[in-house]
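The values are calculated or read from the model by the stated rules, or taken from the named source; none is laboratory data. Small disclaimer: the values here were computed from a predicted structure and weren't measured. Please note: Cβ atoms are built from the backbone with ideal geometry, for glycine as well, and neighbour counts cover all protein chains shown.
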Amino acid sequence: MEWLRFPAPLGTTALRVPTPLSVTVLVEGREYATDGDGWVRLPAPLAAATPVLLKVVAVDGRRGGALLDAAIEAEVAEAEVQLAAWEELGLRALGGRVRYRTTAQLPAAPAGRTLLDLGEVRGTAEIRVNGAPVGRRVWGPWAVEVTDALRAGDNDIEIVVSGTLAGYLDAASPTRAVAAGQIRTGLFGPVRLVQSD
């Protein structure tokens, strides 16, 4: 019997464990068996970094990562969360993208120039307002003009942050090539609309 443990990403609703071996998945004190394709469907989305344990019946001398044929897959649902480092959201090893969304209510269309200030970002940020792309930022200042994209009433704001592979490399094969601070990724804010005349 071999045990593997990992933190689930925020909002996890299903996990796929890619192995032909017999696996039991333990989450919050409950046991789940995988289906024929290796999937486990959970009754509700998980909180960030919920511990997941895999109990694997090992054969042929397999151990550790050799128990799996590929990376574990997770399906996630959209979840409301305070802005935080990806590590706190169970996404420390993610070398991909996270989408943040919110709605800003404006009593009238802006009369002057309006900037969307993202505050602090670690990664690359792509910004859309009401479905229209308004900018991409790869370094500070983390602000983009959004005047023409705003309207009176509800305004949908979407920020997609792309991270690097530093967290993945550090988790998969720790190396001195990943310097201190490179793993910290995310949108930290404060995110605000700034108007000027």
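Taken over the stretch 138-191, the residue count meeting the criterion of being of a type in the set (Lys, Arg) and in contact with a strand residue (DSSP E or B) (Cβ under 6 Å, 6 or more places away or on another chain) is 1.
Suppose the filter is assigned to a strand (DSSP E or B), β-branched (Val, Ile, Thr) and in contact (Cβ under 8 Å) with a residue 60 or more places away in the chain; does Val134 pass it?
Spelling it out, it is not the case that Val134 is assigned to a strand (DSSP E or B), β-branched (Val, Ile, Thr) and in contact (Cβ under 8 Å) with a residue 60 or more places away in the chain.
Consider the stretch 29-69 and keep the residues that are acidic (Asp, Glu) and modelled with pLDDT under 95. The one that is nearest to Glu2 (Cα to Cα) is Asp60. Among residues of the stretch 146-171 being among the acidic types (Asp, Glu) and at pLDDT below 95, the one that is farthest from Ala85 (Cα to Cα) is Asp148. Residues that are surrounded by 16 or more Cβ atoms within 10 Å (Cβ to Cβ) and aliphatic (A, V, I, L, M) were ranked within the stretch 15-36; the one that is nearest to Ala77 (Cα to Cα) is Leu15. Checking each residue in the stretch 112-125 for being surrounded by fewer than 18 Cβ atoms within 10 Å (Cβ to Cβ) and either assigned to a strand (DSSP E or B) or of a type in the set (Ser, Thr, Tyr) (or both) picks out Arg113, Leu115, Asp117, Gly119, Glu120, Thr124.
If you scan the stretch 158-197, which residues turn out to be closer than 18 Å to Gly123 by Cα and in a strand (DSSP E or B)? Correct list: Glu158, Ile159, Val160, Val161, Ser162, Gly186, Leu187, Phe188, Gly189. Where strands (runs of 3 or more DSSP E) sit wholly within the stretch 22-94, those with at least 3 residues that are in contact with a Leu (Cβ under 8 Å, 6 or more places away or on another chain) and closer than 22 Å to Val161 by Cα occupy 73-76.
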